[in-house]
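Some notes on the structure that comes next.
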Amino acid sequence: MKLTVLGCYAATPRTFTNPTSQVLEIKNHLFLIDCGEGTQVQLRKYKVKFSRINHIFISHLHGDHFFGLPGLISTFRLLGRDKELHIYGPKGIKQAITLFLKLGDSWTNYPLIFHELETSESELVFEDDKVTVRTVPLIHRVYTNGYFFEEKEAPRTLDIEAARKFGVDRSQFNNIKKGVDGVDDVGRTIPNKKLTLAPPAPKSYAFCSDTMYNENILPIIRDVTVLYHESTFLDSEEHLCQKTKHSTAKQAALIAQKANAKLLILGHYSTRYKSIELFKKEAEEVFPVVELADDGKVFDFDV
Ligand SMILES: [Zn+2]
């Protein structure tokens, strides 16, 4: 599992800071999460292959999270894309994008499939044999969802050393991989667990932006491996959270602590602050393992 942060600052794009967008690589998928203005430029800069993006998850329809989408969709067309593109986002996103395409008479020549969201309950929006994606309903000024990406538990793998030790013939290997017990050369049953190795623990990633402090998300993201939680403000500006429906670094850390996350990544910083290190310092007072997102930063969770 690997995360590339393309942009992680609040509000407007500026010379050195980009609005929200990130790429999560998980079990051979490249999921694009949010698509602020300039996302396609950032994708090129950080050498993310456009052709590997088949699913785009949009949290909400504020410009700093989705103004890059019409441009990216039209670039896909210019690049000759013919594969389906799935877009998950709040109800209205289809109408918004369709209007752009209609007015420019620039319909895509590839299937554009919208999955519009409108419930305030967490729902499963994507599943294959290796990964699930669920929404994380957030509290913001408009209808907003975070997303919870979770690997499925992989099957146990054959332990050839153990099989040899127990005298289990290789003709049984395929069955053992499927979970069947083995039989040794004198006919004794060897339990499958003794002939196989446990898979690595499944990893998960929760993207929670934009939102005010909301403990209702805890049951959905409980024991998450990596939590990305917005921290627009520091505690000194906590009074702005209620009106703007954003969080402080301290509040993000409280969510990480209560959810039993392994790692907290902060982002969506207001540009009013001199240094983003202040966010880390504040969060670490509550939760010990904190990283700062920054544009272009790559987090590899497999190492
Ligand atoms: Zn917003």
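FYI, it's all coordinate maths here, none of it is from the lab. Owing to the predicted nature of the structure, the values given are computational and were not obtained by experimental measurement. Glycine gets a Cβ as well: all are built from the backbone with ideal geometry, and neighbour counts include every protein chain shown.
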- Note on the structure: Computed over the Cα atoms of the chain, the Rg and Dmax in Å are 22.3, 77
- Query: Put +1 on the Cβ of every Lys and Arg and -1 on every Asp and Glu Cβ in the chain; which of ASN214, LEU266, ILE176 then has its Cα farthest towards the positive end of the dipole?
  - Reply: ILE176
- Message: Please report Rg (one decimal) and Dmax (integer) in Å for the Cα set of the stretch 22-88.
- Response: 11.1, 30
- Nearby lysines by direct alpha-carbon distance to LYS245 (threshold 27 angstrom, same-chain neighbours under 8 apart not counted): LYS91, LYS94, LYS258, LYS262, LYS274, LYS280, LYS281, LYS297
- Task: Compute the relative contact order of the chain as a whole-number percentage, counting only Cα pairs closer than 8 Å that sit 6 or more residues apart in sequence.
- Result: 17 percent
- Contour minus Cα-Cα span, ARG222 to VAL289, at 0.36 nm per residue, comes to 22.5 nm
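If you count the DSSP beta bridges with both ends in the stretch 165-303, what percent of them are antiparallel, to the nearest 5? Provide the component values of the computation, followed by the final result.
Details: 3 of 16 bridges.
Rounded to the nearest five, the antiparallel share is 20 percent.
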- Item | Debye, to nearest 20: dipole size of the chain, +1 on Lys, Arg Cβ, -1 on Asp, Glu Cβ | 620 debye
- Item | Net charge dipole size for the stretch 58-214 [Lys, Arg +1 and Asp, Glu -1 on Cβ; Debye, nearest 20] | 320 debye
- Item | the stretch 208-215 - phi-based ³J(HN,Hα) in whole Hz, Karplus 6.51/-1.76/1.60, Gly and Pro as x | 10, 7, 9, 6, 8, 4, 8, 6
- Note on the structure: Tilt, helix 93-103 to longest principal axis of the chain (alpha-carbon atoms), in degrees rounded to tens, equals 60 degrees
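Grab the other residues whose beta carbon is less than 12 angstrom from that of VAL290, score K and R as +1, D and E as -1, and report the net. Walk me through the numbers before you get to the answer.
Details: positive: LYS250, LYS262, LYS280, LYS281; negative: GLU277, GLU282, GLU284, GLU285, GLU291.
The answer is -1.
Using 0.36 nm per residue, how much length does the chain from THR271 to ILE139 gain when fully extended, once their Cα-Cα distance is taken away?
45.4 nm
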- Message: Just want the ordering: HIS60, HIS86, from fewest to most Cβ atoms lying within 10 Å of their own Cβ.
- Response: HIS86, HIS60
- Query: Which lysines does LYS177 reach when only Cα atoms under 21 Å apart count, and residues fewer than 8 places away in its own chain are ignored?
  - Reply: LYS27, LYS130, LYS152, LYS165, LYS193, LYS194
